[in-house]
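Shown below is the structure under consideration.
The values are calculated or read from the model by the stated rules, or taken from the named source; none is laboratory data. Bear in mind the structure is a predicted one, so any value in this text is a computation, not a measurement. Cβ placement follows ideal geometry from the backbone for every residue including glycine, while neighbour counts extend to all protein chains displayed. When the accessible area is computed, the model is the full protein with side chains, heavy atoms only, and any ligands, DNA or RNA have been set aside. Shrake-Rupley method; radii C 1.70, N 1.55, O 1.52, S 1.80 Å.
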Amino acid sequence: DTRNDWAHFDADGLDEDGILQFLTVDTTVMHDHNKINYNEKYRYTNVECIVHGQRDGYKYIQIAHRAEAQEYVDFITETIKERKKLIGQNVSGFGEKEKELFEALDDILSRWRKAAEKDENRYYQHDELVFVDRIKEYKENYFAWIRDFSLPTSNSLSERALRIAKSKTKISGQFFSEETSGFYADILSYVETCHRNGISEYDALKRLYEGNPYSIQEIIPEE
């Protein structure tokens, strides 16, 4: 969302953007644990960015020197590496090993929680337990990429696409108004969607200037 701090980031704000409530059950949305995205009124499937989940694991390696946190981080790294290797061999899944991977993950998280419970350091214990419980509760969302090789492991591509908007706010400080920030978001979304689907930014903007922007059917033709 390219709007300023006074924008709404609750369910009403999301509905105002006019995106999530129109997504279908066939759509998968990846995010950084935005719990509002799990609202029952939305029909799409939620998946979590594992890069952010792994980054949080590094924190407890550093501040708690937690061996289980290191195991968790290594598990993610090695599993992604193995997945890439299989994809390179045109293999579409882990097969029978999928069950073993989730059993190994469950074991790591179980031992990690027990270790954190015993460590009564008031500076990080609570946050550490909350984090481990979150990974356990949303395990299927964080690790959906193990079951489905068509899913990405992170939302880095989307974040790179939005970086231009963040850079604008750093340089300009703010948008002139909520209305103009909405114009900016609309144009950026349109151009980026075209670009990601093989349409040049020049052609996209030319059509927009002529009052005949590409339709979603033109950008993403139905098969």
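Can you tell me which residue is nearest to Phe22 (Cα to Cα) among those in the range 201-219 that are open to solvent by less than 90 Å² (accessible area, probe 1.4 Å) and not in a helix (DSSP H, G or I)?
Among those that are open to solvent by less than 90 Å² (accessible area, probe 1.4 Å) and not in a helix (DSSP H, G or I), it is Ser215.
For every residue, the table says whether it meets (1) aliphatic (A, V, I, L, M); (2) farther than 16 Å from Thr153 by Cα.
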residue: Leu23; (1), (2): yes, yes
residue: Thr28; (1), (2): no, no
residue: Arg43; (1), (2): no, yes
residue: Glu68; (1), (2): no, yes
residue: Ile108; (1), (2): yes, yes
residue: Lys118; (1), (2): no, yes
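Filter the range 51-87 down to residues that are of a type in the set (Ser, Thr, Tyr) and free of Cβ contacts under 8 Å to residues at least 24 places away in the same chain and give me whichever is most open to solvent (accessible area, probe 1.4 Å). Please lay out each step first, then the result.
Within the range 51-87, the subset of a type in the set (Ser, Thr, Tyr) is 58, 60, 72, 77, 79.
Among the residues that remain, those that are also free of Cβ contacts under 8 Å to residues at least 24 places away in the same chain are: 58, 77.
Working: Tyr58: 101, Thr77: 54 Å².
Looking at residues that are of a type in the set (Ser, Thr, Tyr) and free of Cβ contacts under 8 Å to residues at least 24 places away in the same chain, I get Tyr58.
If you check Glu68, Glu48, which single one turns out to be more than 15 Å from Tyr138 (Cβ to Cβ) and modelled with pLDDT of 90 or more? I'd like the intermediate steps shown before the answer.
Numbers: Glu48 fails: more than 15 Å from Tyr138 (Cβ to Cβ).
Among Glu68, Glu48, only Glu68 is more than 15 Å from Tyr138 (Cβ to Cβ) and modelled with pLDDT of 90 or more.
Of all residues in the range 91-107, which are in a helix (DSSP H, G or I) and either open to solvent by less than 80 Å² (accessible area, probe 1.4 Å) or polar (S, T, N, Q) (or both)? Steps first, answer last, please.
First pass over the range 91-107, keeping only residues in a helix (DSSP H, G or I): 97-107.
Within the range 91-107, Lys97, Glu98, Leu101, Phe102, Ala104, Leu105, Asp106, Asp107 qualify.
Against the definition (surrounded by 12 or more Cβ atoms within 10 Å (Cβ to Cβ) and under 27 Å from Ile63 (Cα atoms)), how does Phe143 come out, yes or no? Step through it out loud before you land on a result.
Working: surrounded by 12 or more Cβ atoms within 10 Å (Cβ to Cβ): yes; under 27 Å from Ile63 (Cα atoms): yes.
Considered against the rule, which asks whether it is surrounded by 12 or more Cβ atoms within 10 Å (Cβ to Cβ) and under 27 Å from Ile63 (Cα atoms), Phe143 comes out as yes.
Okay, moving on. If I filter the range 177-187 for residues that are modelled with pLDDT of 85 or more and either among the β-branched types (Val, Ile, Thr) or open to solvent by less than 70 Å² (accessible area, probe 1.4 Å) (or both), do I get at least one hit? Step through it out loud before you land on a result.
First, the residues of the range 177-187 that are modelled with pLDDT of 85 or more: 187.
From what's left, either among the β-branched types (Val, Ile, Thr) or open to solvent by less than 70 Å² (accessible area, probe 1.4 Å) (or both): 187.
There is at least one residue in the range 177-187 that is modelled with pLDDT of 85 or more and either among the β-branched types (Val, Ile, Thr) or open to solvent by less than 70 Å² (accessible area, probe 1.4 Å) (or both).
Within the set of pairs 6+ apart or on separate chains, which have a first residue in the range 24-35 that is free of Cβ contacts under 8 Å to residues at least 60 places away in the same chain, a second that is surrounded by 14 or more Cβ atoms within 10 Å (Cβ to Cβ) and in a loop (DSSP other than H, G, I, E, B), and C-beta atoms under 9 Å apart?
Listed pairs, sorted by first residue: Thr24/Tyr44; Val25/Tyr44; Asp26/Tyr44; Thr27/Tyr44; Val29/Leu23; Val29/Tyr42; Val29/Tyr44.
Picking from Glu117, Glu137, which residue would you name as being open to solvent by 80 Å² or more (accessible area, probe 1.4 Å) and closer than 20 Å to Ile50 by Cβ?
Details: Glu117 fails: closer than 20 Å to Ile50 by Cβ.
Answer to the selection: Glu137.
To continue, here is another question. Which condition number does Tyr124 fail, the rest of (1) within 19 Å of Gln54 (Cβ to Cβ); (2) over 24 Å from the mean Cα position of the chain (by Cα); (3) of a type outside the set (Gly, Ala, Ser); (4) at pLDDT 95 or above being met?
Failed condition: (4).
Name, by its number, the condition in (1) at pLDDT 95 or above; (2) open to solvent by 70 Å² or more (accessible area, probe 1.4 Å); (3) among the acidic types (Asp, Glu) that does not hold for Glu16.
(1) is the only condition that Glu16 fails.
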